[in-house]
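Read the structure below first, then the notes.
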Amino acid sequence: MSFSSRRRNYLLTPHRRDGLIEWMKSMLTHSFVLDALETSGGDTFSHFEMLVEEHRRLEAEGSGRPSRLKQLVPTVGTFHTRLPLRQAFEVYNEKYKLTKRKHIQISFNEIRHIMNLAQVMAMRGVCEPKDGSKEGDAEVKDAESTDCKNSVEEFNGPKMITFDGDQTLYSDGSNFDSNPRLANYLYELVHSGVTVRKID
């Protein structure tokens, strides 16, 4: 396939899927079919958030016991921060009215955008339980007990950042040899102890 046709057919090219997002999409399908997404969508994302927190806690404890999320999605990896998924869903839904749609269910990319938004919220702010417990506490709270305050002053930076090379770091089929500014930014991230990964 030529470079021009590859760009033209980019959306038609099959890409690797994320098992976690696919599972989340399947869970949300039930609410859509029953026309209940508007009333149950937030609670479903609260459930996702609770499962992520449980998974993070068990990994931090190093007990070797698989989390419920790991059992449901064996390919799930490590979460480096809290993910305020309910809050991210509500913000995204306020703008794009996902719960108002009657014929088009929430898509893979929309869930990915919600997760990205939750990651940004976690990185920009301090997400802590409203009862005062901290990240390492054994008790897992639900999403409504989490309070995310925007506080750039307390932002310490991510532990890991990933990029999809084509269409993200550089044009499809190219590289960033001619962009030393971008290379310097990546160097600064690595120099600061951040894990930088390029996902093909």
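The values are calculated or read from the model by the stated rules, or taken from the named source; none is laboratory data. Since the model is a prediction, treat every value here as computed from it, not as a measurement. Heads up, the Cβs are rebuilt from the backbone with ideal geometry, glycines too, and the neighbour counts pull from every protein chain shown. Heads up: the accessible areas ignore ligands, DNA and RNA and are worked out on the full protein's heavy atoms, side chains in. Shrake-Rupley method; radii C 1.70, N 1.55, O 1.52, S 1.80 Å.
Residues being under 20 Å from residue 19 (Cβ atoms), of a type in the set (Val, Ile, Thr) and more than 12 Å from the chain's Cα centre (by Cα): count how many of those fall in segment 77-115.
Of the residues in segment 77-115, 1 are under 20 Å from residue 19 (Cβ atoms), of a type in the set (Val, Ile, Thr) and more than 12 Å from the chain's Cα centre (by Cα).
Out of 67, 31, report the one residue that is open to solvent by less than 40 Å² (accessible area, probe 1.4 Å), farther than 22 Å from residue 122 by Cα and in contact with a helix residue (DSSP H, G or I) (Cβ under 8 Å, 6 or more places away or on another chain).
Just one listed residue meets the conditions, 31.
Name every residue in segment 40-55 that is closer than 15 Å to residue 72 by Cβ and either open to solvent by 20 Å² or more (accessible area, probe 1.4 Å) or not in a helix (DSSP H, G or I) (or both), in order of residue number.
Within segment 40-55, 44, 47, 50, 53, 54 meet the criteria.
Residue 120 fails exactly one of the following numbered conditions: (1) more than 17 Å from residue 22 (Cα to Cα); (2) at pLDDT 85 or above. What is the number of that condition?
Here residue 120 clears every test but (2).
Among the listed residues 37, 83, which satisfies the condition of being surrounded by 14 or more Cβ atoms within 10 Å (Cβ to Cβ), in contact with a Cys (Cβ under 9 Å, 6 or more places away or on another chain) and modelled with pLDDT under 95?
83
Condition first: within 25 Å of residue 162 (Cα to Cα), at pLDDT 90 or above, open to solvent by 30 Å² or more (accessible area, probe 1.4 Å) and basic (Lys, Arg). Can you find one or more residues in segment 90-105 that meet it?
Within segment 90-105, none of the residues are within 25 Å of residue 162 (Cα to Cα), at pLDDT 90 or above, open to solvent by 30 Å² or more (accessible area, probe 1.4 Å) and basic (Lys, Arg).
List, please: which pairs have Cβ atoms under 7 Å, are six or more places apart or on different chains, and start with a residue in segment 34-60 that is more than 19 Å from residue 21 (Cβ to Cβ) and end with one that is open to solvent by less than 10 Å² (accessible area, probe 1.4 Å)?
Within 7 Å, the pairs are 58/67.
Looking at residue 17 and the list (1) modelled with pLDDT under 90; (2) farther than 23 Å from residue 161 by Cα; (3) open to solvent by 30 Å² or more (accessible area, probe 1.4 Å), which single condition is not satisfied?
The one condition residue 17 does not meet is (2).
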